[in-house]
Amino acid sequence: MLRKNIYSEIEKAKVDPEVGISISPIIEKEEVSFHIAVIKDKIKEHFHKERDEIYFIIKGEGKLKIDEEEEKVKTGDVILIQKGSKHALKNTGTEPLILAFISVPSFAPDIDRFFVVNSYINSN
């Protein structure tokens with residue numbers, strides 16, 4: 001059995017310089033992965049060609065953009081982001097926004113994360 005506590009993993013989250021957020025892997029298998037992310041400012045607009053993601057907002061509030069749709073998100077929200085969908089998340093609260101995300105197949109930012117050039121989310 002593989003068991004970890006997400007709250008203790010939040011403290012171990014390392015900054016990903018490409019997107020400017022802190023990420024900590026919880027479970028990583030070839031077909032699926034589960035990570036914790038700490039967002040002080042924003043997740044830059046990007047997309048994945050090969051994987052779906054599910055975001056679960058553990059704590060905080062923000063504005064999530066998926067393709068041309070924008071919505072406010074808050075603690076307890078669960079969001080499906082389908083492969084190919086451009087997405088970005090801006091923290092609108094005073095504390096870091098903390099989310100868990102599941103990637104299917106497993107999160108692989110080095111080979112399947114493509115940033116959107118000239119995105120207003122990326123420049124603000």
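Only the coordinates and a few stated rules stand behind these numbers; no lab work does. This is a predicted model, so every value here is computed, not measured. When we count neighbours, we look across all protein chains shown, and the Cβ atoms used for this are built from the backbone with ideal geometry, even at glycine.
Name the lysines eligible as straight-distance cross-link partners of residue 12: C-alpha to C-alpha under 18 Å, and not fewer than 8 places from it in the same chain.
Correct list for residue 12: 4, 40, 59.
Where in the chain lies the longest segment free of trypsin sites (Lys or Arg not before Pro) that are both loop residues by DSSP (not H, G, I, E, B) and have at most 15 other Cβ atoms within 10 Å?
The answer is 84-124.
At 0.36 nm per residue, minus the direct Cα-Cα distance, what do residue 108 and residue 92 gain on full extension? Give it in nm, one decimal, please. Let's see the in-between values first.
On the way: separation 16, 0.36 × 16 = 5.76 nm, distance 2.71 nm.
Extra length from residue 108 to residue 92 when fully extended: 3.0 nm.
Please compute the length gained on full extension between residue 69 and residue 83, using 0.36 nm multiplied by the number of residues separating them and subtracting their Cα-Cα distance.
Answer, rounded to one decimal: 3.5 nm.
Indicate the gyration tensor shape class of the range 55-124 (rounded, prolate or oblate), computed on the Cα atoms with a ≥ b ≥ c the square roots of the eigenvalues: a/c under 1.5 is rounded; otherwise a/b larger than b/c is prolate and the rest oblate.
oblate
Which of the aspartates and glutamates could a cross-linker span from residue 44 if the Cα-Cα distance has to be under 12 Å and same-chain partners fewer than 8 positions apart are dropped?
16, 18
Loop-only check: which GluC sites (Glu not before Pro) in the range 44-98 are DSSP coil with at most 16 other Cβ within 10 angstrom? Working shown, then result.
Details: sites: 45, 50, 53, 61, 68, 69, 70, 71; in loops: 50, 68.
Within the range 44-98, the qualifying GluC sites (Glu not before Pro) (loop, at most 16 other Cβ atoms within 10 Å) are 50, 68.
State the three equivalent ellipsoid semi-axes of the range 32-91, derived from the C-alpha gyration tensor as the square roots of 5 times its eigenvalues, in descending order and whole Å.
Ellipsoid half-lengths, sorted descending, are 17, 14, 11 Å.
Normalised by the residues of the range 6-123, what does the relative contact order come to in percent, with Cα pairs under 8 Å and at least six apart?
The normalised contact order for the range 6-123 reaches 31 percent.
Mean residue ellipticity at 222 nm from the helices of the chain, using -39,500 (n - 2.57) per DSSP H segment of n ≥ 4 over the full residue count, to the nearest 500 deg cm²/dmol?
Details: 2 runs with 9 residues, N = 124.
Value at 222 nm, helices only: -1000 deg cm²/dmol.
Using every Cα-Cα pair within the range 6-123, state what percent have a distance larger than 19 Å.
Result: 41 percent of Cα pairs exceed 19 Å.
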